[in-house]
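Scroll down for the structure; my scribbles are underneath it.
The values are calculated or read from the model by the stated rules, or taken from the named source; none is laboratory data. Note that the structure is a prediction, hence the values are computed from the model and not measured. A quick note on method: Cβ atoms are made from the backbone with ideal geometry, for glycine too, and the neighbour counts reach across all protein chains shown.
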Amino acid sequence: MTNFKKSNSDYDAIFVGAGIMSATLAILLTEIYPDINILIVEKLESSGKESTSAFNNAGTGHAANCELNYTPINHEGEIQFKKALAINNSFEKSLELWASLYEKGKIDCKKFLRFTPHISFVSGEEDFNFLKKRYQLLSRFNEFKDMEFSSNFSEISTWAPLITKNRNKNIKISATRVKRGTDIDFGSLTSEYLKYLVKNKNVELNYLTEVLDLNKLNNNNWSVKLNKDGKRKSLVAKFIFLGAGGKSITLLQKSKNPRR
């Protein structure tokens with residue numbers, strides 16, 4: 001296990017960006033290493049504004065219940081299902097994490113999670129055949145055993161009335177539904193994570209702070225140059241995490257870290 005005890009560094013870890021990726025990794029680390037010293041810096045005035053918030057991030061596609069692109073067809077005409085199973089299993093682990101944190105009073109799931117059915121809908125003979133085969137394949141696995149399939153116009157209308165409204169009934173349609181679906185507001189989830197994290201005296205969160213440069217030192221620590229309110233400051237950390245913000249590529253290039 002990594003030793004995060006401070007040694008010639010201002011912080012054990014500096015996280016660039018206050019989005020869902022930084023917030024998730026930060027909360028995992030603090031759960032495992034309660035004494036870890038973390039600094040989270042964000043260029044904008046609040047968390048999750050660039051790509052994490054609900055406007056930019058679909059909240060239903062992370063369980064593989066209804067995303068047809070997770071089950072592509074190969075050259076032999078066979079439906080590939082391993083990606084859907086892997087994604088579903090990963091999402092279940094996220095649900096377990098949130099349930100654990102909720103039970104401990106660290107986050108409020110009601111702020112970011114709500115249950116809603118996940119529905120896949122197709123029309124036309126070819127897509128009908130694909131969706132039926134997909135259902136027959138996935139429903140054999142425990143992860144998707146509760147999936148429902150229907151080609152009945154009236155039944156699908158009760159599932160998704162807006163989709164069938166004014167639709168030509170002579171065109172073949174079908175749909176699958178997983179009642180135990182969830183919708184996640186990742187912006188609100190990030191806020192919940194950060195609200196809990198900053199209660200820890202070892203975690204700092206600075207908004208309106210820009211990373212200007214970063215370099216690896218001879219002792220494997222990292223030097224990070226910051227700009228906040230026109231004031232520049234250099235800090236040293238043992239570990240740097242870059243979120244998926246718009247400046248990630250530039251910072252990766254500045255880090256001179258070779259591709260792997």
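Looking across ILE87, ILE73, ILE119, one residue alone is within 19 Å of the chain's Cα centre (by Cα) and of a type in the set (Val, Ile, Thr). It is ILE87.
Residues checked against (1) surrounded by fewer than 13 Cβ atoms within 10 Å (Cβ to Cβ); (2) at pLDDT below 95:
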| site | (1), (2) |
| --- | --- |
| VAL122 | no, no |
| ASP127 | no, no |
| ARG140 | yes, no |
| PHE153 | no, no |
| THR164 | no, no |
| TYR196 | no, no |
| LEU205 | no, no |
| LEU212 | no, yes |
| LYS216 | no, yes |
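Considering only the range 235-253, state which residues are free of Cβ contacts under 8 Å to residues at least 12 places away in the same chain and hydrophobic (A, V, I, L, M, F, W, C). Passing the criteria: ILE249, LEU252.
Looking only at residues in the range 14-58 that are of a type in the set (Asp, Glu) and over 22 Å from LEU235 (Cβ atoms), the one that is modelled with the highest pLDDT is GLU31.
The set of residues in the range 191-240 that are hydroxyl-bearing (Ser, Thr, Tyr), closer than 30 Å to LYS106 by Cβ and assigned to a strand (DSSP E or B) contains only THR209. Within the range 100-115, the set of residues being farther than 19 Å from LYS179 by Cα and either within 13 Å of the chain's Cα centre (by Cα) or not polar (S, T, N, Q) (or both) comprises LEU101, TYR102, GLU103, LYS104, GLY105, LYS106, ILE107, ASP108, LYS111. Of all the numbered requirements in (1) surrounded by fewer than 18 Cβ atoms within 10 Å (Cβ to Cβ); (2) among the aliphatic types (A, V, I, L, M); (3) under 29 Å from LEU95 (Cα atoms); (4) over 28 Å from the mean Cα position of the chain (by Cα), ILE171 misses one, and that requirement is (3).
Could you tell me whether any residue of the range 59-72 is touching a strand residue (DSSP E or B) at 6+ places or on another chain (Cβ under 9 Å), assigned to a loop (DSSP other than H, G, I, E, B) and modelled with pLDDT of 95 or more? Yes - at least one qualifying residue is present in the range 59-72. Within the range 149-156, at least one residue is in contact (Cβ under 8 Å) with a residue 12 or more places away in the chain, part of a loop (DSSP other than H, G, I, E, B) and farther than 30 Å from ILE14 by Cα.
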